[in-house]
Amino acid sequence: MSAQYKSKHGIVNKSQAEMYMSFVDLSNFARMVPPDAQATITADYDTLTATVQGFTIGVRMTGRVPYSLLQIQDNNAPFHFGISIHFDPAQEAGKTDFWLEVDADLNLMMKAMLGKKIQEGLDKIVDSLNV
């Protein structure tokens, strides 16, 4: 069963190009994790694998539209999912309208357990980007 989640939109005080370049390389994500958790993450430009609470989740970059969109898909995760990262022009020059979308194949039990956490996590990511 497919479930879709969209984050809120946030205006970030960086240009689309700056935002895009900070997300385009998945190895950048490994550097954002606290030092005590870095041992559980391996990443390169196109792939990232993390172990969280005993579950190994892998992702790979599947689409790059310069300065506007990145698409990520699961790579041997416990369930199929895709993430779209949007970098839209904001009305004010030099700023970006940033938002995320997740499409996940979750059964009813997983949707009930994870749905709210996925939505909250997406919104927290937007909030954390100097909005």
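The values are calculated or read from the model by the stated rules, or taken from the named source; none is laboratory data. Only a predicted model underlies this, so the values are computations on that prediction, with no experimental measurement involved. For neighbour counting, all protein chains shown are included, and Cβ atoms are generated from backbone atoms with ideal geometry for every residue, glycine included. The area values use the complete protein model at the heavy-atom level, side chains included, leaving out ligands, DNA and RNA. Shrake-Rupley method; radii C 1.70, N 1.55, O 1.52, S 1.80 Å.
Per residue, the convex hull spanned by the Cα atoms of region 79-131 measures out at 76 cubic angstrom.
With the other protein chains left in place, how much accessible area per residue, in square angstrom, belongs to region 43-102 at a 1.4 angstrom probe?
Per-residue accessible area for region 43-102 comes out at 54 Å².
Starting from the Cα-Cα distance between residue 25 and residue 60, subtract it from 0.36 nm times their residue separation and give me the gain in nm to one decimal.
Computed gain between residue 25 and residue 60 is 11.6 nm.
What is the Cα centroid distance between region 78-127 and region 1-33, reported in whole angstrom? After rounding, the separation between the Cα centres reads 9 Å.
Ignoring everything except DSSP H segments at least 4 long, calculate the 222 nm mean residue ellipticity for the chain; use -39,500 (n - 2.57) per segment, divide by total residues, nearest 500.
-8000 deg cm²/dmol, from helical runs alone.
Rolling a 1.4 Å probe over the protein chains gives residue 6 an accessible area of about 120 Å². Taking the protein heavy atoms of the chain in the context of the full set of protein chains, the accessible area attributed to carbon and sulfur is 56 percent at 1.4 Å. Would you please state which residues of region 64-95 a label at residue 107 would reach in this model, taking the label point 7 Å out along Cα→Cβ and a backbone N cut-off of under 15 Å? Correct set: 78-80. Remark: the Cα gyration tensor places region 1-121 in the oblate category, a/c being 1.5 or greater and a/b not exceeding b/c. The simple spin-label model puts a point 7 Å past each Cα toward its Cβ; for residue 76 and residue 45 those points are separated by 2.2 nm.
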